Every structure is written in C-alpha cells, then in structure tokens.
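Colleague: Okay, here's the structure, questions in a sec.
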Amino acid sequence: METSTPVGTWYLVAQGERLELTIHPVASGFTGSIRPEGGAPEPVDAIQWDAGGCWLEFRRTGPAFVQWFRACVTEGVMAGRFSYATTSARPALTDFTEHVTGWSPEGLDTDIVPRTWNVTIEGTVQAVLRIDRDARGAVVGRLKVFADTSKPTPLCEELEEDLASIAWDGTHLAFTRANQTFRGTCHGRFIRGSFTTEEGASKPWSGARAQVLGFGLGSRLAQRDAWQQATRARIVNLTEGMRLAGASQPAVGVVDEGAVEPFRGGYPPERDDAPNLWPPRYALRKLQFSVSPGSRFDPDSPPLPRVFSGLLATPTGPVPLGGFRAVVVVNGHGGSAQQVMTSSDPRYWYGDSAARRDLVVLAIDIGHRPRWDTPPIVHRAIVDHGYADSNWEEDGERAFSVRCAIDWLLSQPNVRKDRLFMMGHALGGEVTAIVSGLDPRVQMAVVAGFSSDLHVMDLKGNHPCYRWDHADIHEYLDVSDWQALIAPRLLVVETGIADGTCSARQPPFSADKQVTRRAREAYGPSAENVIHYLHSGASQFRVGGSNPSEPRRPEGVLAANVIAPRAPGDQSWQTDRSTSLRSPSVFHLLNQFFI
C-alpha cells in the first residue's frame, strides 16, 4: 500500500536552482512555503495532493513570475516538472517545460545514521565523509579524499581512512583523522566546522548531504529488505519518468528478424574460457523489441515506443527438466549485442562464451542517446509527445529496456524462471549492477570494469553518461549502493589489477576494494556472496578458465584475500593484491550455486 506523503521539508533542485519547500497539513488540506536556499520564505498556494497517484501540485508566485509545480512523490523523493510564466492561471501540462527533483529528510532519515556528506577541507580538498553505526551498534566513520582543487590536476585520489573518536548526536559531529580533530554542526542539509592541525592551527571544513539513499556502513542491515524495496521505488521515480515501482510493466513486443550464424573462431587473445573445448552448439536469432512506456506525467501525450535489438542464443540439445538456465549479457561503450555474441572484439565475447555452456543467452543492445554521437548503438531518448526533453535519465532508459526484455525472456516455455543471471563489462557492468539491484529475479550478477567511486570517475574523464540530467547523482547514491541493492544474492565484481580506466592512483584497484567493502555491509552473514575477483589484466572481462594464447596465466576466479583493515588505522589492505582461488571459473560458480 502506498504511504508516501508530501508533508515535511523538501530540498529541491528546480532547473539548477536550489529551493527549500515546506509543506504542513491543515484541516482544509495543506499549507506551505518555499525559499531559495539561504533566502527568505515565500508562500505557496493551490496545493493539491493526489494520494492515489502520488502527485503533488502547488503554485509559487514570485516578484515577476509564477511557477506551477507538478511532481511525483515516492518514499521521500520527488521528481516532476514545473512551468514558468507571468500569469497565475494553471497552464497546460505541455507548458511545464522545466524539471524539478528533490528529497525530504522526514521521508528518508529514520535515524541519525547513516549520514554522508560531500565535504571541502581547508577550501580545496574534496572528500566524502560517511558516519554510521555498524551492524553491532558501534559508531563508525570513513573519509575518502578524491580531489584537491588547488593542484594543477584536481584528481588527487587518496586511500579511504577509517575515522576514530567519533561522537555524533544528529546535530553535532566530532572525529579524529590521523592527528587532526574535526568538529562540525549541522544546519539543514549542510555541515560546517573547523579542525585542528598537527601544529595546533584551526582550519575550516564544510559539506552538504550526499548519498541520501545510500545503505551506509551497517546500521540498516536489520532493515535491509525494507531499505531495498523503498530505494528501488525511489530510483524508479527519479530515473524512469516518474514511474511507480508497483505498477505493472508494459507489454513487450518482439519481432524475430531471423537466424544469425554463431561465432566459430578468431578468438581474441584475452579470451580465457577454453573456447576450443566448448563448440558453439546453439542456435542464434536476432530479435527486435518494442515497448510503449507511456507517460506518467502527461498520459495523453505518450512518447514513441522504445525500440531496441537483441540476440537470443538457444542450446540445440534437449531441454532439461524444468527448462534452461538463462543469462542476460550487455555490452559496454562502443559495443553491441552483435559484438558480445559474434565478434572477435577483445572486450565483448562473454555472450558467446555463456551460450556454449548450455545456457539460454539474451544479449541486449546498450547504446547512447544521440547527443553523445557514440556509435554503433544509438537509442533516442524517451520524450513525451509535444515536449522538448525527457523525463527519464539515460541509465533509467537502459535499465527499463533490459527489465522489459527479461519479462519476455522469462515468459518463454523453455526458460527457468528461478535461474536468471546477468553479466556485463564497463558500461555493461554499470547496467548489470543497476538492473540486478532493481530486479530481484537476477540471481547472480557478474560486474566487470565498473566498481569505482563516481566522484573519481567524474575527474578521471570517464564517459559521463552515468550522470543524471535532472539531479546530482552524488546527492543520492554511489556504486556501492547499486551493489548493496543486490544483497544477499551472489555478486562477482571483476577488477583488473592494471585497470586504470576509472582510477589514476596506484594501484588503481584500491578504489574497487573500498566500494566492495561498503557493499558487503549489506550482506551481513552472507558476506561471502560478494566475490571481488582480482585478475591480472586491465579493463577486461575474465571467465577464469584457460587461455590458449597465454597457457601459463593463472587460472580460476582469484578472490581478494584482504578485504578490510587488519587493525585500527590500517590502510594497506586497500593496496594488497594477494588472492586465493575461489572457483575454477565464473561458470563453475554458477554451477556451484545454481544447478
């Protein structure tokens, strides 16, 4: 049952303008005010709340403008549009040309922890500060420095520090970092204070709330399932055109475009799945998917159908009792479903690899919006008819497409509904993490080349399509939160020890170890279900089997040995590259856990 409410304080971003909205209940309905952040409050009126549809509407009248807001409120977050005019009458929905997103501390903060802030230390050092209680109730904290704007190259990523002597009452914070003592006080979404250097000088630091949807460092473990359910609904609202998570998925149309010849040779040198021992005993067909997402904001102005392609591999042998297990595979930047299944591209061969092992494999095209001009796959944005831009985030469109394809896949008579897996590399790893986090039907996720901090990716110059257009993604979550949404299902995170794609520091895999450590907090007693596979390569997908091109390469899924500090103050665990054999290969893992 939907229990969302508009009552409370809301921190909004309205087409780049920071606003603070307050809604109070009164006998006749609601009253409220709004103010530019740091400014004087202004009354709002014409407040309407549709509890069934979760729609909030209100009017803001400024000195020379009138704005009408219409936003969907779900579990403490809102997403919508607003108009900008000089007349007070409510305009047509097509005149709501601007975007608004926001969150409410009353809707998200059920305790004084967890808390995360993006902080600035001494004016130039940029970091993420996390405070929480661990699963045993002890107050814990971590600080990750990722930039220094005073340097010619701002990206100055450091190892993550565990903090000491933490005191936090919901308003006042104190902690020790190395030999520095920090104190700060919260005001709304901000925190400000000073710290004492080793020499005794006092220096300023400040910050703003971040990762407000995040799992934290352990306090949510007992309520993990409730957090996951609510957070999935929040993400769908923010990224998928204000959709309600409980609403039924639209019907998926599929056109079979004919047979495709399976890949039979010309293996890339990085392929380590013993391809010569596994012939392609499967049939391959090209499919075109079409789904009409409709419009939540303006149902009378639906967008064009979402159209995308895929390849379906079906084993040619007898169907096992209960049906075949299935894998969804997705490509990365510059790739396609065709490459994942039928090319010698060294990055994307894992779809063919899975299909050779008596698995039904569905490869889905993951592309970019036209504005990026990134071939070979381009998908137009989901834009309501008569509107200039999309209510959807790009990763929301991708995740929606894949989940619709999963709906179709699991409806096929020869496919087991309880044995679905997903794999992807780079952008494909990103989409795998998001879809697996949002869709509990995925029983095992293999995420390769995407497990770094998003702040680091910002400054490293990685392709920015992971960012959101209508909100700052850093204000809501980080990669470890996508992974926490997968718990307690099996998660394999693949990191090349020489992969500097997302991190410039040495060794580059330390950030991935930090992220997976945070994700494990959501697994609790099932922490062994997070396997951080540290392989010897760079940005590559690995299976862990034999490689005909490099027969001396160590085989197997080699899991990181040291995954947390060995003593207070220890940071060396983040640079430790030692591993132990967890399984002979990714496919052995699949067979071990999911017969």
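The values are calculated or read from the model by the stated rules, or taken from the named source; none is laboratory data. Quantities reported herein were computed from a predicted structural model and do not represent experimental measurements. Cβ: placed from backbone, ideal geometry, glycine included. Neighbour counts: every protein chain shown. Only protein heavy atoms, including side chains, enter the accessible area calculation; ligands, DNA and RNA are left aside. Shrake-Rupley method; radii C 1.70, N 1.55, O 1.52, S 1.80 Å.
Colleague: Could you tell me the calculated FRET efficiency between A251 and R416, based on Cβ-Cβ distance and R0 = 25 angstrom, to the nearest 0.05?
Modeller: Calculated value: 0.65.
Colleague: Would you check the accessible area of H24, probe 1.4 Å, heavy atoms only, in square angstrom rounded to 10?
Modeller: Accessible surface of H24 is approximately 100 Å².
Colleague: Using a probe radius of 1.4 Å on heavy atoms only, what accessible surface per residue do you get for the chain? Whole Å² is fine.
Modeller: Ligands and nucleic acids excluded, the result is 38 Å² per residue.
Colleague: Once you wrap a convex hull around the alpha carbon atoms of the stretch 134-174, what is its projected area averaged over all directions, in nm²?
Modeller: The orientation-averaged projected area of the Cα hull of the stretch 134-174 comes to 4.2 nm².
Colleague: Could you state the per residue volume, in Å³, of the convex hull enclosing the Cα atoms of the stretch 402-474?
Modeller: 98
Colleague: How far is the Cα center of the stretch 208-223 from the Cα center of the stretch 1-73, in Å?
Modeller: 26
Colleague: Calculate the radius of gyration of the Cα atoms of the stretch 187-297 to one decimal place, then report Dmax, the largest Cα-Cα distance, as a whole number, both in Å.
Modeller: Cα only, the stretch 187-297: 25.9, 74 Å (Rg, Dmax).
Colleague: Using only Cα positions of the stretch 73-171, each an equal point scatterer, no hydration layer, compute I(q)/I(0) via Debye at q = 0.17 Å⁻¹ and quote the log10 values to two decimals.
Modeller: -0.90
Colleague: Also, quick follow-up: Taking R0 as 35 Å, what's the FRET efficiency between E17 and V378 from their Cβ-Cβ distance, rounded to 0.05?
Modeller: Once rounded, the FRET efficiency stands at 0.65.
Colleague: Could I ask something else about it? Pull up all non-local amide H partners of D469: gap of 5 or more, or a different chain, and H-to-H distance under 5 Å with H placed in the peptide plane.
Modeller: Answer set, sorted by chain and number: E394.
Colleague: For the chain, compute the orientation-averaged projected area of the C-alpha convex hull (one quarter of its surface), in nm².
Modeller: So the mean shadow area of the Cα hull is 28.1 nm².
Colleague: Additional query: What is the distance, in nm, between label points placed 7 Å from the Cα along the Cα-to-Cβ direction at S88 and at A564?
Modeller: Result: 6.0 nm between the two label points.
Colleague: Quickly work out the T575-to-T176 label distance, labels modelled 7 Å from Cα along the C-beta direction, and quote it in nm with one decimal.
Modeller: So the two model labels end up 2.4 nm from each other.
Colleague: Assuming 1.002 mPa s and 20 °C, estimate D for the stretch 267-318 with Stokes-Einstein, Rh taken as the Kirkwood radius over Cα pairs, in µm²/s.
Modeller: Estimated via Stokes-Einstein, D reaches 143 µm²/s.
Colleague: Could you tell me how many cubic angstrom of Cα convex hull volume the stretch 245-388 has per residue?
Modeller: Roughly 141 Å³ of hull volume per residue.
Colleague: Let me ask you something else. What number does the stretch 497-595 give for Rg over Rh if you use C-alpha atoms and the Kirkwood radius?
Modeller: That ratio is 0.98, to two decimals.
Colleague: Which percent of Cα-Cα pairs in the stretch 465-541 sits in each 10 Å bin, short to long?
Modeller: 18, 42, 34, 5
Colleague: What three numbers, in Å, describe the spread of the alpha carbons of the stretch 350-424 along their principal axes, ordered from the longest?
Modeller: Here the spans come out as 45, 25, 14 Å, largest first.
Colleague: What is the P(r) of the stretch 335-389, as percent of Cα-Cα pairs per 5 Å bin from 0?
Modeller: All Cα pairs considered, the percentages come to 4, 19, 19, 18, 13, 10, 7, 6, 3, 1.
Colleague: To make sure I understand the rule: partners must be lysines, Cα under 26 Å from the Cα of K144, and not fewer than 8 residues away in the same chain. Which ones qualify?
Modeller: Straight-distance partners of K144: K203, K460, K513.
Colleague: Beyond 12 Å, what percent of the Cα pairs of the stretch 221-264 remain? Kindly include the intermediate steps, with their values, before the conclusion.
Modeller: Working: 695 of 946 pairs.
The proportion of pairs with Cα distances above 12 Å equals 73 percent.
Colleague: State, to one decimal in nm², a quarter of the convex hull surface area for the C-alpha atoms of the stretch 447-489, i.e. the direction-averaged projected area.
Modeller: Dividing the Cα hull surface by four gives the mean projection, 3.5 nm².
Colleague: If I compute solvent accessible area with a 1.4 Å probe over the protein chains, what percent of it on the chain is carbon and sulfur?
Modeller: 52
Colleague: Restricting the calculation to Cα positions, tell me the Rg (one decimal) and the Dmax (whole number) of the stretch 1-139 in Å.
Modeller: 17.3, 57
Colleague: Give me the log10 of I(q) over I(0) for the stretch 387-515 at q = 0.13, 0.23 Å⁻¹, as the Debye formula computes it from C-alpha points; what are the numbers?
Modeller: For the stretch 387-515, the Cα-only Debye profile gives -0.56, -1.42.
Colleague: Here is a further query. Less than 26 Å apart at the alpha-carbon level, and either on another chain or at least 8 residues along: which lysines does that give for K286?
Modeller: Reachable lysines: K417.
Colleague: Okay, moving on. With a 1.4 Å probe and every protein chain left in place, tell me how much accessible area T5 has, in Å² to the nearest 10.
Modeller: Approximately 70 Å² for this residue.
Colleague: For the chain, what is the charge dipole size about the Cα centre, in debye to the nearest 20, if Lys and Arg each add +1 at the Cβ and Asp and Glu each add -1 at the Cβ?
Modeller: Its charge dipole is roughly 1080 debye.
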